[in-house]
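Visitor: Please read through the structure below; I'll follow up with questions.
The values are calculated or read from the model by the stated rules, or taken from the named source; none is laboratory data. A quick note: this is a predicted structure, and the numbers were derived from the prediction, not measured. Heads up, the Cβs are rebuilt from the backbone with ideal geometry, glycines too, and the neighbour counts pull from every protein chain shown. To get the accessible areas, we keep the full protein, side chains included, count just its heavy atoms, and leave off ligands, DNA and RNA. Shrake-Rupley method; radii C 1.70, N 1.55, O 1.52, S 1.80 Å.
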Amino acid sequence: MALFEFEDGRLVPAQFGRPVPSGITAEIIDAICSQVLEIVSRPLFPITWNDIVRTQDAGEAPRLTALDATGQVVSVEVVPRLDSDTLITSLSRLADAAALSWSDLAREYEGGVDAFKAGWLLFRDSMPPSPGAGPRLVMVVGAIDPQVRPALDVLSTSGVEVHEVNLRRMSNGRTFLEVAPVGPRLYGHAPQVLIGQAAAVQEIEARQKKKEVGAFAAEPAPGAAPGPSDPIPSHPGPESASGPEPEPQTEPRPRLEPAEPEVPSDILRAREQGIPLLANDAEGLKVLAQIIGEEVPLVAHPDCHAPDGLILGRDGLVRSTGWVWASLHDLEQAAPALVPAWEHLRINDLRGPSLAESVAEINREIAREYAHAPAGASSRRHARD
């Protein structure tokens with residue numbers, strides 16, 4: 001998901017938080033290995049993390065041997081730092097990996113030849129009928145030596161694809177992993193066919209490495225939600241056809257007053273200084289949605305009884321199946337247990353930032369820009385109508 005900020009008539013990459021100088025740790029590498037196919041957005045049939053290509057310079061970097069949809073052998077490597085020695089070793093292993101026979105691969109597969117055949121058939125059935133060949137070597141690296149980086153553009157034409165990961169930490173302590181491709185993208189990605197691939201990698205890793213990796217574990221989906229009672233229908237038609245029927249009530253539900261989330265002290269000080277910041281209101285939600293740049297799911301704890309399938313659209317409206325809410329206050333009328341929705345609703349999953357935290361992080365970036373901008377320049381930036 002690419003995020004951009006509109007600044008002085010140009011689009012510049014948007015980044016949340018600050019980089020973590022310590023780099024990726026062994027724990028993060030384990031977590032990357034557990035969901036490496038999701039990180040590189042490439043559907044592969046994982047075979048083994050065992051080192052089946054025996055070389056003198058095998059090293060200790062995790063390596064996944066897999067097949068793409070065309071039957072091509074693909075090596076996926078996760079290394080903390082990519083330097084010239086690591087690159088040469090990986091390239092030398094690439095030819096050996098390509099020479100592996102299907103018998104070699106089947107013997108390494110958990111369950112043996114029969115399980116290999118059955119798993120491969122299921123994988124091929126889930127792929128497009130005429131898939132194109134992808135890269136033969138996929139590398140996920142935590143840092144790249146400056147002397148190596150220029151060569152990656154050339155190697156991309158030879159079946160090498162590199163993804164660079166960086167840690168970023170928000171001011172509230174939350175840590176995020178930023179994944180960026182290096183060099184031109186010569187191979188099409190198909191994230192829509194990745195469903196179930198991460199589970200296969202985790203199963204192989206659990207059997208062979210005997211480790212539990214929880215850094216990127218999926219959160220349980222929110223529970224079923226009661227029918228909204230005061231939303232705006234997203235399309236014309238009878239109420240029974242456009243959404244769930246309301247629960248019977250003997251008395252009208254009292255209308256809730258807007259809930260005010262707690263505002264961090266640094267944001268309050270910035271407002272006292274006259275810096276134009278976003279507020280936790282419909283306008284602030286619209287700006288946040290525009291910065292994200294695409295529809296994102298909103299989830300809450302099951303105890304909040306949020307409507308199923310909540311999505312924040314690029315227009316700042318919150319949608320569920322057949323319903324649209326113009327503001328979080330309107331959503332709170334339909335689901336009172338969500339109050340305050342700014343705190344309870346989180347982006348993507350329960351590990352993601354809340355809407356209030358996201359707006360606060362944007363406000364901190366605005367405040368930093370005003371603090372470092374020349375006199376008179378900051379007034380032209382982040383101006384609001």
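Visitor: Within the range 294-310, is even one residue in contact (Cβ under 8 Å) with a residue 24 or more places away in the chain, more than 15 Å from residue 340 (Cβ to Cβ) and more than 24 Å from the chain's Cα centre (by Cα)?
Guide: There is no residue in the range 294-310 that is in contact (Cβ under 8 Å) with a residue 24 or more places away in the chain, more than 15 Å from residue 340 (Cβ to Cβ) and more than 24 Å from the chain's Cα centre (by Cα).
Visitor: Also, I was wondering about something else. In the list 356, 306, which residue meets the criterion of being at pLDDT 85 or above and over 18 Å from residue 283 (Cβ atoms)?
Guide: 306
Visitor: Same structure again: Of these, 130, 156, which one is modelled with pLDDT under 85 and either within 23 Å of the chain's Cα centre (by Cα) or within 18 Å of residue 75 (Cα to Cα) (or both)?
Guide: The conditions single out 156.
So that you can scan it fast, the table gives a plain yes or no per residue for (1) in a strand (DSSP E or B); (2) of a type in the set (Val, Ile, Thr); (3) in contact with a helix residue (DSSP H, G or I) (Cβ under 9 Å, 6 or more places away or on another chain); (4) open to solvent by 20 Å² or more (accessible area, probe 1.4 Å):
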site	(1), (2), (3), (4)
266	no, no, yes, yes
271	no, no, yes, yes
276	no, no, yes, yes
285	no, no, yes, no
294	no, no, no, yes
306	no, no, yes, no
314	no, no, yes, yes
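So that you can scan it fast, the table gives a plain yes or no per residue for (1) over 19 Å from residue 181 (Cα atoms); (2) modelled with pLDDT under 90; (3) within 31 Å of the chain's Cα centre (by Cα):
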| position | (1), (2), (3) |
| --- | --- |
| 59 | yes, yes, yes |
| 66 | yes, no, yes |
| 69 | yes, yes, yes |
| 73 | yes, no, yes |
| 81 | no, no, yes |
| 87 | no, yes, yes |
| 90 | no, yes, yes |
| 93 | yes, yes, yes |
| 111 | yes, yes, no |
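Visitor: Which of the residues that make up the range 129-154 are hydrophobic (A, V, I, L, M, F, W, C), surrounded by 14 or more Cβ atoms within 10 Å (Cβ to Cβ) and without any contact (Cβ under 8 Å) to a residue 60 or more places away in the chain?
Guide: Scanning the range 129-154 gives a single hit, 152.
Visitor: Turning to a different aspect of this structure: Just to be sure before I move on: is residue 54 modelled with pLDDT under 90 and surrounded by fewer than 16 Cβ atoms within 10 Å (Cβ to Cβ) in the structure I sent?
Guide: Spelling it out, residue 54 is indeed modelled with pLDDT under 90 and surrounded by fewer than 16 Cβ atoms within 10 Å (Cβ to Cβ).
Visitor: Just need a number here: residues in the range 59-85 that are polar (S, T, N, Q), open to solvent by less than 20 Å² (accessible area, probe 1.4 Å) and part of a loop (DSSP other than H, G, I, E, B).
Guide: Residues meeting the conditions: 0.
Visitor: Examine the range 179-186 for a residue that is touching a Gly at 6+ places or on another chain (Cβ under 8 Å) and charged (D, E, K, R), and state whether such a residue exists.
Guide: There is no residue in the range 179-186 that is touching a Gly at 6+ places or on another chain (Cβ under 8 Å) and charged (D, E, K, R).
Visitor: Does residue 326 qualify as being among the hydrophobic types (A, V, I, L, M, F, W, C) and open to solvent by 40 Å² or more (accessible area, probe 1.4 Å)?
Guide: yes
Visitor: Name, by its number, the condition in (1) under 26 Å from residue 155 (Cβ atoms); (2) in contact (Cβ under 8 Å) with a residue 60 or more places away in the chain; (3) in contact with a strand residue (DSSP E or B) (Cβ under 6 Å, 6 or more places away or on another chain) that does not hold for residue 80.
Guide: Result: residue 80 passes all but (3).
Visitor: Determine the pairs where a residue that is free of Cβ contacts under 8 Å to residues at least 60 places away in the same chain, located within the range 106-128, has a partner that is exposed (fewer than 14 other Cβ atoms within 10 Å of the Cβ) and outside any loop (DSSP other than H, G, I, E, B) with Cβ atoms under 7 Å apart, the partner being 6 or more residues away or on another chain.
Guide: Going by the 7 Å Cβ cut-off, the qualifying pairs are 106/113.
Visitor: How about the range 314-324: which of its residues are at pLDDT below 90 and not β-branched (Val, Ile, Thr)?
Guide: 314, 315, 316, 320, 322, 323
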